[in-house]
Amino acid sequence: MKIFGLAGWSGSGKTTLVMSLLPELIGRGYTVSTVKHAHHNFDIDKPGKDSYEHRRAGATEVMVSSANRWALMHENRGATEPDLDALVARMTPVDLLLVEGFKRYGHTKMEVHRPTTGKELLCVNDARIVAVASDASLPQAGVPVLDLNDVPAIADFIIAHVGLKESVSHGAA
């Protein structure tokens with residue numbers, strides 16, 4: 001499974017780019033999954049639901065399943081947050097795993113940067129950032145800078161960088 005990250009400061013447009021890349025890559029015939037790093041205390045469950053009550057009662061893991069989807073919730077219960085490798089090991093293999101966040105982890109990634117956020121470029125201090133997607137010219141980046149609004153070009157870059165073969169719907173398999 002090929003892994004490629006999208007990193008950047010809050011408000012830079014990482015999620016928006018992931019949401020645009022998914023249909024672009026899937027439309028080219030690739031299978032794609034995502035991992036998103038969330039900050040602090042997030043919850044995808046709701047108080048009063050059975051699965052929430054199972055976790056509240058002390059279950060380490062609760063799986064919810066239906067004909068349409070299943071979800072596994074794991075409570076760390078004070079244990080250290082698992083690293084990206086441990087999380088990836090739990091995922092079903094696909095052609096490409098897009099990782100949103102985890103900006104300090106060792107995988108290769110593209111920085112999503114908007115100068116209007118007032119934050120510095122991450123790529124100048126991180127050799128694992130191989131390109132920047134931005135809405136501005138960034139000659140100081142020292143890596144290729146792609147137009148944040150040119151999703152096909154960003155998809156082309158990612159496909160080439162991770163070494164994915166051309167998909168069936170976009171050329172030879």
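Just so it is clear, none of the values below were taken in a lab; they were calculated from the coordinates. Quick caveat: nothing in here was measured; it's all calculated off a predicted structure. Every residue, glycine among them, receives a Cβ derived from its backbone with ideal geometry; neighbour counts consider all protein chains shown.
General observations
- Between the Cα long axis of helix 151-162 and the first principal axis of the chain there is an angle of about 80°, rounded to the nearest 10.
- I3 long-range amide H proximity, modeled H, under 5 Å: L97
- Once the Cα-Cα distance is subtracted from the 0.36 nm per residue extended length, the T116 to K49 segment shows a gain of 20.0 nm.
- Cα-based Rg and Dmax for the range 67-137, where Dmax is the largest Cα-Cα distance (Å): 16.1, 47
- Net charge of Cβ neighbours under 12 Å - reference L138; Lys, Arg +1; Asp, Glu -1: -3
- With only the Cα atoms considered, the range 1-75 has a convex hull volume of 146 Å³ per residue.
- Of the trypsin sites (Lys or Arg not before Pro) found in the range 78-173, those that fall in a DSSP loop while having at most 14 other beta-carbon atoms within 10 Å are R90, R104, K119, K165.
- By the count of neighbouring beta-carbon atoms within 10 Å, fewest first, M73, M19 end up ordered M19, M73.
- Between helix 14-27 and the chain: long-axis angle, C-alpha atoms, 0 to 90°, nearest 10: 80 degrees
- Within the shell of other residues whose beta carbon sits under 12 angstrom from the beta carbon of S10, the net charge comes to +3, with Lys and Arg scored +1 and Asp and Glu -1.
- Rg/Rg_ref, the range 35-173, where Rg_ref = 2.2 N^0.38 Å and atoms are Cα: 1.33
- S137 paired with H161, simple spin-label distance in nm, labels 7 Å along Cα-to-beta-carbon: 2.3 nm
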